[in-house]
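Below is one structure, written out as structure tokens, with a few remarks after it.
Every number here is computed from the coordinates shown, using simple stated rules; none is lab data. All values reported here derive from a predicted model rather than from experimental measurement. FYI the Cβ positions are ideal-geometry reconstructions off the backbone, even for glycines, and counts take in every protein chain you see.
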Ligand SMILES: Cc1ncc(C[n+]2csc(CCOP(=O)(O)OP(=O)(O)O)c2C)c(N)n1
Ligand SMILES: [Mg+2]
């Protein structure tokens, strides 16, 4: 076998696509944390964003439209040794997949979820997604959603044009999930240069909380207030917006324990499957 044997696919992204930056951040963070690629699982959605795992030497799974989170959650509970990163688009995660996002914030499974927000359905040629900047309705804001749900533990936003910050946020998100503090949500503003080029909009429309000495990422209420105030000025926050603190003064974050106790060995799975099939017998 040669190196060529292990060459991942050539990306389908257009030149200038923000998704390149997300791929670089995932690979850079995994390498910085010295996570062997055989201990990494990238669960991707559909769309251009959903092809990101094709381009990496890692375990990967191309989930059904909107089903990154159930697939990634099952993976994380079945094999706690794995670092599980969900990676999908805004169309995938904020439209058909939005219900799963709400419950992931609530249940706090130990995984990273990176959503490449380009405000469009890129692969299918530019239909409006829930984050499209159209006048008919306000854009969906997943950071505000995450901040508002009790149980959420890590809410961040990066911009593909700020690669150093994005790498740092990705490292922090992976550390959060691997320490089993729970669900690390990282939205990445990732412009689609072909159908919705938002580089200049975001260049002048962001407030970097990592550079803001007044921002306390452990204060959920202040984070909500900040995001709301910024919105009224046409801005949105980027950086580590909220991370639930640990310690005796804070409620423990929810950890769903049931699925982790399943016997995930091949023999255990086979027995469970036989029982399940038996339970559906009607004659
Ligand atoms: C069940 C189902 N319905 C529709 C599609 C068609 N489809 C492919 S990509 C896509 C949109 C992807 O948008 P997004 O998740 O934002 O990814 P992007 O291409 O913008 O990165 C859709 C609707 C599909 N793959 N599966
Ligand atoms: Mg999209």
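Pairwise Cα distances in region 104-170 exceed 16 Å for 60 percent of all pairs.
With the biggest extent put first, the Cα atoms of region 117-212 measure 39, 29, 28 Å across the principal axes. Once the C-beta distance of residue 230 and residue 107 is scaled by a Förster radius of 41 Å, the resulting FRET efficiency is 0.90 to the nearest 0.05. Once C-alpha pairs closer than 8 Å and six or more residues apart are averaged by separation and normalised to the residue number of region 70-147, the relative contact order reads 30 percent. Angle check, please: helix 98-107 long axis (alpha carbons) against the longest principal axis of the chain (alpha carbons), in degrees 0 to 90, nearest 10. Helix 98-107 sits roughly 70 degrees off the main axis of the chain. Which percent, nearest 5, of DSSP beta bridges in the chain are antiparallel? Of those bridges, close to 20 percent are antiparallel. Sorting the segments 227-235, 120-128, 108-116 by their mean number of nearby beta carbons within 10 angstrom, highest to lowest, gives 108-116, 120-128, 227-235. Summary value for the chain: 18 percent relative contact order, contacts being C-alpha pairs under 8 angstrom separated by 6+ residues. May I ask for the angle, rounded to the nearest 10°, between helix 19-32 and the longest principal axis of the chain, with both axes built from Cα atoms and the value confined to 0 to 90°? For helix 19-32, the angle is close to 60 degrees.
Between 87, 104, 137, the residue with the greatest mean-square fluctuation in the GNM of the chain (Cα pairs under 10 Å linked by springs) is 137.
Relative contact order, whole percent, for region 74-223 stands at 25, derived from Cα pairs under 8 Å and 6 or more residues apart.
Fewest-first ordering of 102, 143 by other beta carbons within 10 Å of each residue's beta carbon gives 102, 143. The GNM of the chain, with springs linking C-alpha atoms under 10 angstrom apart, assigns the highest mean-square fluctuation among 213, 245, 80 to 213.
Values of log10 I(q)/I(0) for region 1-138 across q = 0.17, 0.18, 0.20 Å⁻¹ run -0.92, -1.02, -1.21, by the Debye formula with one identical scatterer at each alpha carbon and no solvent. Per-peptide packing, taken as the mean over residues of other Cβ atoms within 10 Å, places 238-244, 52-58 in the sequence 238-244, 52-58 from highest down.
Of all DSSP-defined beta bridges confined to region 31-161, some 10% are antiparallel rather than parallel. From most to least packed by mean Cβ count within 10 Å, the peptides 156-169, 192-205 give 156-169, 192-205.
Eigenvalues of the alpha-carbon gyration tensor of the chain, scaled by 5 and square-rooted, set the equivalent ellipsoid semi-axes at 30, 24, 19 angstrom, largest first.
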